[in-house]
Amino acid sequence: MVSESLLLLRNINWARGEHVRKQLKLPGPDGSGSDVFVVGELLKGIHFEWFKGEAEPDSEGYAYLRLRLMSDDYLHGLLVVVRGTLAELAHPYLQVGSKIAVDGHLQTYAPENKRKQVEVTARNMTFLENINWAAGEAAQKSSGKQARQAAEVGLSVQDPRHGEHMHGD
């Protein structure tokens with residue numbers, strides 16, 4: 001599975017991705033060897049849940065969001081993992097077909113008795129197209145989260161209905 005995933009990554013049009021990143025004024029990777037920047041549409045199977053740590057049973061836990069992206073003709077089903085506040089804030093806005101940009105790093109893992117798999121662990125996310133603004137706004141109001149918190153965790157939102165742009169570094 002690793003070699004298949006790496007073959008897909010090798011066939012990505014990196015120059016086009018860099019052009020899109022600059023055109024949209026999105027942050028660039030920080031330069032480590034496993035950094036990636038991917039723009040794509042969400043596929044079926046958006047999964048969100050809360051995890052509680054055994055070490056801190058009284059804690060609220062942390063949010064975990066798993067997405068699959070399709071990008072260009074070569075990349076179909078790239079696993080993207082988002083954790084923590086970024087996952088919590090981004091989840092309500094996302095739906096199948098949402099176009100997002102993800103800045104993160106590649107990570108490999110091997111589930112027991114299975115082949116190695118490659119995933120992108122997201123550091124930052126930018127909403128680009130087909131975003132469920134109404135659901136996201138309703139979730140923000142009900143949870144009391146503010147736009148400031150989104151910016152603090154690396155969520156960039158551009159709502160075409162209001163011409164607003166928010167970006168976290």
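The values are calculated or read from the model by the stated rules, or taken from the named source; none is laboratory data. Model, not experiment: these values are computed from the prediction. Ideal geometry is used to build each Cβ from the backbone, glycine not excepted, and the neighbour counts take in all protein chains shown.
Of the listed requirements (1) in contact with an Asp or Glu (Cβ under 8 Å, 6 or more places away or on another chain); (2) at pLDDT 90 or above; (3) buried (at least 19 other Cβ atoms within 10 Å of the Cβ), Phe37 misses just one: (2).
Every residue, every condition in (1) closer than 13 Å to Lys44 by Cα; (2) among the hydroxyl-bearing types (Ser, Thr, Tyr); (3) modelled with pLDDT under 90; (4) not in a strand (DSSP E or B), yes or no:
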| position | (1), (2), (3), (4) |
| --- | --- |
| Arg66 | yes, no, no, no |
| Val81 | no, no, no, no |
| Leu86 | no, no, no, yes |
| Pro92 | no, no, no, yes |
| Val96 | yes, no, no, yes |
| Gly104 | no, no, no, no |
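Tally the residues that are hydroxyl-bearing (Ser, Thr, Tyr) and at pLDDT 90 or above, restricting the search to region 40-64. Matching residues across region 40-64 total 1.
Collect the residues in region 113-136 that are surrounded by 13 or more Cβ atoms within 10 Å (Cβ to Cβ) and either under 15 Å from Gly97 (Cα atoms) or out of contact with any strand residue (DSSP E or B) (no Cβ under 9 Å at 6 or more places or on another chain) (or both), keeping them in residue-number order. Passing the criteria: Thr126, Phe127, Leu128, Asn130, Ile131, Asn132, Trp133, Ala135. Restricting to region 82-112, what's the tally of residues that are surrounded by fewer than 15 Cβ atoms within 10 Å (Cβ to Cβ), farther than 14 Å from Arg66 by Cα and among the small types (Gly, Ala, Ser)? Counting residues in region 82-112 that are surrounded by fewer than 15 Cβ atoms within 10 Å (Cβ to Cβ), farther than 14 Å from Arg66 by Cα and among the small types (Gly, Ala, Ser) gives 2. Residues that are more than 12 Å from the chain's Cα centre (by Cα) and either closer than 20 Å to Gln117 by Cα or at pLDDT 85 or above (or both) within region 68-79 comprise Met70, Ser71, Tyr74, Leu75, His76, Gly77, listed in sequence order.
When Gly136, Gly84 are checked against the criterion of being touching a helix residue (DSSP H, G or I) at 6+ places or on another chain (Cβ under 6 Å) and touching a residue at least 40 places away in the same chain (Cβ under 8 Å), Gly136 stands alone in meeting it.
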